[in-house]
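The values are calculated or read from the model by the stated rules, or taken from the named source; none is laboratory data. Keep in mind it's a predicted model, so treat the numbers as computed, not measured. Neighbour counts run over all protein chains shown; Cβ positions are idealised from the backbone, glycine included.
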Amino acid sequence: MQGIQQRLQHTFKLREFRPGQQAVIEALLAGRSALAVFPTGGGKSLCYQLPALMLDGLTLVVSPLIALMKDQVDQLNALDIPAARLDSSVDAEQLQAIYRGLDDGSIKLLYVAPERLANERFLNRLKRLSISMMAIDEAHCVSEWGHNFRPDYLKLAQLARDLNVGRVLALTATATPQVSAQIRESFDIAEADHVQTGFFRPNLSLTVRPARGDERDQVLLQQLRDRTPEPAIVYVTLQKTAETVAAFLKKQGLKAQAYHAGLKDETRHRVQEAFMAGETDIVVATIAFGMGIDKSDIRAIYHYNLPKSLENYMQEVGRAGRDGQPSHCLLLANPDDLTVLENFTYGDTPDHAALAGLIRWLLDQPARFDISVHELSGLFDVRPLVINTLLTYLELEGVIRATAPFYTEYKIAFQLPQDEVIAQFDSQRADFLQRLFATGKMGRTWLTLRPIDAARELCEDRLRILNALGYLEQQQMIELRVAGVRQGFRMENPPAQSEPLISRMQEQFALREQRDIQRLEQVCDWAQSRGCHQQALVGYFGETLEQPCGQCSACLGEIPQLPPRQRSAPDARVIQAVREENHEALASPRQLARFLCGINSPKAGRARLGRHAAFGALMEAPFSEVLAACGGTPEG
């Protein structure tokens, strides 16, 4: 305990632990894995950062949030804690410095995205290291019952075993009892090491206010004007809504900016920095904003549109009042929002014919095969996330087993003349390198070679080629760039007949669709409940709030009555006009319905139909009705 307190005070400059932190840290230092379910701003990061400094070896932090990785690494470096991150913004020189720090043990914490762990060169490097702990942020992504399931997360448990990780810390701010149980099972975490500090935030006042679509702007404006200028986030569903609402607020003299995934990286970064520095009071954002943003004085969260789930709502309101001061959360509730949210859910479900064709193609592969998700996405017009989810389902069924991802193409820039590189090795290795380089094609600067072709031509093991290139890069004799990622698989136990498997997979995706729709309905049910909003919210997460909060809109006597849901009928003239244009990417009823509801698809994206005037023209009509009007059925 004395060592822990010293680290807390001297290294992290903190006086005392927040609730739950000490119990998690002690479990990890005792060699046990743990699950920490803390609210947003509850201090999850310290739970692995502090023990990382007290354990021998590297702590690997897996997070899907690049903004969080950057902020945390910057903060740790400012405290003289050796931490680094690997993401797409790291250049070649920085990458080599990080690799040297990993090899000599000077880096204690390494932040990576889960996708990085599918990089065969990186995995080979990790296998040479002593990894004392793996911390997994947003751990609810491991659960199919969660609101943000990510298939790459399902593989983290096996990866931790393959890397001989000492212990695992799973972290999340939103986990129902069912999700927590699946996380514990995945990472072999004892129930006694599941530390949950409670979802109730007494400093947040939750208000639900019914609002018609045509009055939301004015209700929001009045709310903002009634309060002194303060840091606030306005959450919306669509990118174009973020733009229009931000423009409206700016026109009214408020310091507001839009933030969404459609903006350029530098623009998003500029908006985020302005908000953090207090130069912008209000950010109007899709859910792309706020993840990992460490701003403690956000005083208000406004939901202009309904959130996708109660988990999303809990995460988003949790960004207010992290300094413990009173903060206001307002939901402008309108069931009309359900149409767009439902459409995205329905549109993400692959049609039966495409899914069946994809499964038959996979089952027709040889004992060992490899794929490009990007190529399959275009071939079958199925989103990459859906393909990755299907591959994970097939792995869980024991049909296939992922071997290793690999790159088909390596580009080499010699940092020394090629002859000098070869001359530094004995005759056998020099001959191997000379023959290897001869298989490539030399451009002005880069030598391009394909390890698979080189292995075949030289009758060598591809792994030897990769190890050789990795060693030359490590010694700074060459610079490497890679392209053309493919995932290798091994056929394990293919079914004698494909149809039962196809039916089960179609049922899996239909079940996921039903769960997502159910989550939307739960939001509306919660919004118009007559009891305390805080009690109902924490009850959803398996906890009991003994007394009403006394400050939410329901406790103050406001009983929300949501306006009736308006449904727009599909315009047959719009459907017919697009159909007469004969776009190949919109040939099937489901492809056309997705396009008209504003849902992009791989083929439509490659045909640049997102810029078409009719894209999203029927966004406010239910997807099922648009699909029927296009001549389709729920299955096709």
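Quick grid of which residues meet (1) touching a residue at least 40 places away in the same chain (Cβ under 8 Å); (2) closer than 30 Å to ASP381 by Cβ; (3) not small (Gly, Ala, Ser):
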| residue | (1), (2), (3) |
| --- | --- |
| GLY253 | no, no, no |
| ALA258 | no, no, no |
| HIS303 | yes, no, yes |
| SER309 | yes, yes, no |
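Residues in region 511-539 that are modelled with pLDDT of 95 or more and closer than 18 Å to THR349 by Cα: how many?
0
Do we have any residue at all in region 91-112 that's touching a residue at least 12 places away in the same chain (Cβ under 8 Å), surrounded by 15 or more Cβ atoms within 10 Å (Cβ to Cβ), over 25 Å from THR11 (Cβ atoms) and in contact with a Phe, Trp or Tyr (Cβ under 8 Å, 6 or more places away or on another chain)?
Within region 91-112, not a single residue is touching a residue at least 12 places away in the same chain (Cβ under 8 Å), surrounded by 15 or more Cβ atoms within 10 Å (Cβ to Cβ), over 25 Å from THR11 (Cβ atoms) and in contact with a Phe, Trp or Tyr (Cβ under 8 Å, 6 or more places away or on another chain).
Looking at region 439-456, which of its residues are assigned to a helix (DSSP H, G or I) and farther than 17 Å from GLU479 by Cβ?
Scanning region 439-456 gives ILE452, ASP453, ALA454, ALA455, ARG456.
Which condition from (1) assigned to a loop (DSSP other than H, G, I, E, B); (2) among the charged types (D, E, K, R); (3) out of contact with any Leu (no Cβ under 8 Å at 6 or more places or on another chain) is the one that ARG565 breaks?
Looking at each condition in turn, ARG565 falls short on (3).
Would you point out the residue of region 593-609, among those that are more than 16 Å from ASP348 (Cβ to Cβ) and free of Cβ contacts under 8 Å to residues at least 60 places away in the same chain, that is surrounded by the most Cβ atoms within 10 Å (Cβ to Cβ)? Before the answer, list the steps.
The initial filter retains those residues of region 593-609 that are more than 16 Å from ASP348 (Cβ to Cβ), namely 606-609.
Narrowing further to those that are free of Cβ contacts under 8 Å to residues at least 60 places away in the same chain: 607-609.
On the way: ALA607: 15, ARG608: 9, LEU609: 20.
Checking each candidate, the answer is LEU609.
Is there a residue in region 52-75 that is basic (Lys, Arg) and on the phi > 0 side of the Ramachandran plot? Working first, answer last.
Pass one, region 52-75, residues basic (Lys, Arg): 70.
Going one step further and asking which of them are on the phi > 0 side of the Ramachandran plot, we end up with none.
The answer is no; no qualifying residue exists.
Looking at region 50-58, is at least one residue out of contact with any Leu (no Cβ under 9 Å at 6 or more places or on another chain), modelled with pLDDT of 95 or more and under 30 Å from VAL538 (Cβ atoms)? Break it down into steps so the answer makes sense when it comes.
Kept after step one, since they are out of contact with any Leu (no Cβ under 9 Å at 6 or more places or on another chain), are these residues of region 50-58: 56.
Then keep just the ones that are modelled with pLDDT of 95 or more; that gives none.
No; the residues of region 50-58 include none that is out of contact with any Leu (no Cβ under 9 Å at 6 or more places or on another chain), modelled with pLDDT of 95 or more and under 30 Å from VAL538 (Cβ atoms).
Yes/no per residue for (1) modelled with pLDDT under 90; (2) among the polar types (S, T, N, Q); (3) outside the structural domain of THR445 (by TED's automatic domain parsing):
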{"residue": "VAL382", "(1), (2), (3)": "no, no, yes"}
{"residue": "VAL399", "(1), (2), (3)": "no, no, yes"}
{"residue": "GLN415", "(1), (2), (3)": "no, yes, no"}
{"residue": "GLU420", "(1), (2), (3)": "no, no, no"}
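Which residues, counting only those in region 414-437, are loosely packed, with under 13 Cβ neighbours inside 10 Å and not in a helix (DSSP H, G or I)?
PRO417, ASP426
Kindly evaluate GLU311 against the criterion of being closer than 25 Å to GLU620 by Cα and surrounded by fewer than 19 Cβ atoms within 10 Å (Cβ to Cβ).
On the way: closer than 25 Å to GLU620 by Cα: yes; surrounded by fewer than 19 Cβ atoms within 10 Å (Cβ to Cβ): no.
For GLU311, the condition - closer than 25 Å to GLU620 by Cα and surrounded by fewer than 19 Cβ atoms within 10 Å (Cβ to Cβ) - is not met.
Per-residue answers, yes or no, for (1) in contact with a Pro (Cβ under 8 Å, 6 or more places away or on another chain); (2) in contact (Cβ under 8 Å) with a residue 60 or more places away in the chain; (3) in a helix (DSSP H, G or I); (4) among the β-branched types (Val, Ile, Thr):
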site: GLU316; (1), (2), (3), (4): yes, yes, yes, no
site: ARG319; (1), (2), (3), (4): no, yes, no, no
site: GLY324; (1), (2), (3), (4): no, yes, no, no
site: VAL340; (1), (2), (3), (4): no, yes, yes, yes
site: ILE359; (1), (2), (3), (4): no, yes, yes, yes
site: GLN365; (1), (2), (3), (4): no, yes, no, no
site: LEU379; (1), (2), (3), (4): no, no, yes, no
site: VAL382; (1), (2), (3), (4): yes, yes, no, yes
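Got at least one residue in region 135-145 being modelled with pLDDT under 85, assigned to a loop (DSSP other than H, G, I, E, B) and either aromatic (Phe, Trp, Tyr) or touching a Cys at 6+ places or on another chain (Cβ under 6 Å) (or both)?
yes
Can we say GLY531 is assigned to a loop (DSSP other than H, G, I, E, B), out of contact with any Cys (no Cβ under 7 Å at 6 or more places or on another chain) and at positive phi? Full working, then the answer.
Values: assigned to a loop (DSSP other than H, G, I, E, B): yes; out of contact with any Cys (no Cβ under 7 Å at 6 or more places or on another chain): yes; at positive phi: no.
Judged against the criteria, GLY531 is not a match.
If you take the residues in region 61-88 that are assigned to a helix (DSSP H, G or I) and of a type in the set (Val, Ile, Thr), which one is surrounded by the most Cβ atoms within 10 Å (Cβ to Cβ)?
Taking region 61-88 first, the residues assigned to a helix (DSSP H, G or I) are 66-78.
Add one more test, that the residue is of a type in the set (Val, Ile, Thr), and what stays is 66, 73.
On the way: ILE66: 17, VAL73: 19.
So, considering only residues that are assigned to a helix (DSSP H, G or I) and of a type in the set (Val, Ile, Thr), the one surrounded by the most Cβ atoms within 10 Å (Cβ to Cβ) is VAL73.
Just give me the residues in region 178-227 being farther than 18 Å from GLN315 by Cβ and among the basic types (Lys, Arg), in sequence order.
Within region 178-227, ARG184, ARG209, ARG212, ARG216, ARG225, ARG227 qualify.
Among the numbered criteria (1) surrounded by 18 or more Cβ atoms within 10 Å (Cβ to Cβ); (2) in the same structural domain as GLU215 (by TED's automatic domain parsing); (3) polar (S, T, N, Q); (4) outside any helix (DSSP H, G or I), which single criterion is violated by SER553?
Every condition holds for SER553 apart from (2).
Among the candidates GLY20, GLY41, which residue alone is touching a Ser or Thr at 6+ places or on another chain (Cβ under 6 Å), in the same structural domain as GLN6 (by TED's automatic domain parsing), crowded, with 19+ Cβ neighbours inside 10 Å and farther than 15 Å from VAL165 by Cβ?
Values: GLY41 fails: touching a Ser or Thr at 6+ places or on another chain (Cβ under 6 Å).
Residue meeting the stated conditions: GLY20.
Please go through region 438-466 and pick out each residue that is within 30 Å of ILE387 (Cβ to Cβ) and either surrounded by 13 or more Cβ atoms within 10 Å (Cβ to Cβ) or in contact with a Cys (Cβ under 6 Å, 6 or more places away or on another chain) (or both).
Looking only at region 438-466, we keep the residues that are within 30 Å of ILE387 (Cβ to Cβ), and these are 448-456, 461-463, 465-466.
THR448, LEU449, ARG450, PRO451, ILE452, ASP453, ALA454, ALA455, ARG462, LEU463, ILE465, LEU466, listed by residue number.
Scan LEU501, LEU537, LEU511, LEU520 and give me the residue that is more than 19 Å from ASN343 (Cα to Cα), under 27 Å from the mean Cα position of the chain (by Cα) and assigned to a helix (DSSP H, G or I). Walk me through how you get there before you give the answer.
Details: LEU501 fails: under 27 Å from the mean Cα position of the chain (by Cα); LEU511 fails: more than 19 Å from ASN343 (Cα to Cα); LEU520 fails: more than 19 Å from ASN343 (Cα to Cα).
Step by step, each of LEU501, LEU537, LEU511, LEU520 is checked, and only LEU537 is more than 19 Å from ASN343 (Cα to Cα), under 27 Å from the mean Cα position of the chain (by Cα) and assigned to a helix (DSSP H, G or I).
Scanning region 296-314 for residues that are of a type in the set (Gly, Ala, Ser) and either in contact with a Phe, Trp or Tyr (Cβ under 8 Å, 6 or more places away or on another chain) or assigned to a loop (DSSP other than H, G, I, E, B) (or both), which turns out modelled with the lowest pLDDT? Give the steps one after another, and end with the answer.
Restricting attention to region 296-314, the residues satisfying the condition of being of a type in the set (Gly, Ala, Ser) are 296, 300, 309.
From what's left, either in contact with a Phe, Trp or Tyr (Cβ under 8 Å, 6 or more places away or on another chain) or assigned to a loop (DSSP other than H, G, I, E, B) (or both): 296, 309.
Details: SER296: 88, SER309: 93.
Only one residue tops the list, namely SER296.
Provide a single number: the residues in region 623-636 that are at pLDDT 90 or above and surrounded by fewer than 22 Cβ atoms within 10 Å (Cβ to Cβ).
The qualifying residues number 4.
Sort out which residues of region 5-25 are under 17 Å from LEU169 (Cα atoms), out of contact with any Gly (no Cβ under 8 Å at 6 or more places or on another chain) and touching a residue at least 24 places away in the same chain (Cβ under 8 Å), and write them in order of number.
Correct list: ALA23, VAL24, ILE25.
Is there a residue being within 28 Å of GLU115 (Cβ to Cβ), part of a loop (DSSP other than H, G, I, E, B) and within 33 Å of the chain's Cα centre (by Cα) anywhere in region 465-478?
No.
List the strands (runs of 3 or more DSSP E) inside region 161-213, counting only whole elements, that have at least 1 residues being over 23 Å from the mean Cα position of the chain (by Cα), acidic (Asp, Glu) and on the phi > 0 side of the Ramachandran plot. Walk me through how you get there before you give the answer.
Values: elements: 167-172, 194-196, 204-210.
Once the strands (runs of 3 or more DSSP E) in region 161-213 are filtered for at least 1 residues that are over 23 Å from the mean Cα position of the chain (by Cα), acidic (Asp, Glu) and on the phi > 0 side of the Ramachandran plot, nothing remains.
What number of residues within region 104-126 satisfy the criterion of being modelled with pLDDT of 90 or more and either assigned to a helix (DSSP H, G or I) or closer than 20 Å to GLN475 by Cβ (or both)? Working first, answer last.
Step one: list which residues in region 104-126 are modelled with pLDDT of 90 or more, which gives 104-112, 126.
From what's left, either assigned to a helix (DSSP H, G or I) or closer than 20 Å to GLN475 by Cβ (or both): 104-107, 126.
Of the residues in region 104-126, 5 are modelled with pLDDT of 90 or more and either assigned to a helix (DSSP H, G or I) or closer than 20 Å to GLN475 by Cβ (or both).
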